[in-house]
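The values are calculated or read from the model by the stated rules, or taken from the named source; none is laboratory data. Given the structure is predicted, the values throughout are model-derived calculations rather than measurements. Cβ placement follows ideal geometry from the backbone for every residue including glycine, while neighbour counts extend to all protein chains displayed. Please note that ligands, DNA and RNA were not included when accessible areas were found on the heavy atoms of the full protein model with its side chains. Shrake-Rupley method; radii C 1.70, N 1.55, O 1.52, S 1.80 Å.
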Amino acid sequence: MKITPLYTFYFLCVCFLVYSVSIYISKPGCINRPEDMNAAEGRLVWQKYNCQACHQLYGLGGYLGPDLTNLVSQKGKDESYIKALIRSGTKQMPSFDLSKEEEIKLIDFLKSTNESGIADPRQFNVHASGMIEQK
Ligand code: HEC
């Protein structure tokens, strides 16, 4: 059989379909560790409660609250702080009644954003006069 451009086209179409079906039926991301599965499901918790409306991840999102990309690596912002804040809310942030499972998944998701990016890679010098200068 001679390989004509038409056969090549058909072959590529079949490859495309097989690959698309494999993506649709696979679980999200390349998940090997259980905490990665939690992080993937934590993203769904993040979306379900619409945290993005007020918070940014990787610098994108709402601007009422702070960027939470690197929250878990900030001093004093450990799991119990995050859980307590979400449960109690603040003057500007509503409280959320997450289940224990949702809390764990959401925190694993915030750990994964911390490992995978920096909220704002720019650095600034703040002078005594109040002037702010990018490093
Ligand atoms: C209506 C807007 C709004 C929504 C929705 C919202 N937040 Fe907030 N959040 C805020 C504001 C504003 C602050 C700053 C609170 C303050 O300083 O009083 C904050 C603070 C936080 C902090 C503390 C940050 C720090 O640096 O100490 C965490 C953690 C947090 N939010 C998590 C979440 C999570 C998780 C969700 C989704 C379940 C969420 N927020 C949804 C407005 C919101």
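What to note about this one:
- With all protein chains in place and ligands, DNA and RNA left out, the 1.4 Å accessible area ranks 3, 132 as 3, 132, largest first.
- Over segment 33-120, the ratio between the Cα radius of gyration and 2.2 N^0.38 Å evaluates to 0.99.
- Of the solvent-accessible surface of the chain, computed with a 1.4 Å probe over protein heavy atoms with every protein chain present, carbon and sulfur atoms account for 62 percent.
- Once each of the chymotrypsin sites (Phe, Trp or Tyr not before Pro) sitting in a DSSP loop with at most 16 other beta-carbon atoms within 10 Å is removed, the chain keeps 64-135 as its longest stretch.
- Mean Cα-pair separation over length for segment 33-120, i.e. relative contact order, pairs under 8 Å, 6 or more apart, %: 41 percent
- A Förster radius of 22 Å combined with the Cβ-Cβ distance from residue 75 to residue 33 puts the calculated FRET efficiency at roughly 0.25.
- Per residue, segment 33-120 exposes an accessible area of 61 Å² to a 1.4 Å probe, with every protein chain left in place.
- A 1.4 Å probe, protein heavy atoms only, puts the accessible area of residue 4 near 40 Å².
- Residues of segment 33-56 with amide N under 20 Å of a point placed 7 Å along Cα→Cβ from residue 124: 55-56
- Shape of segment 90-134, Cα gyration tensor, a/c cut at 1.5: oblate
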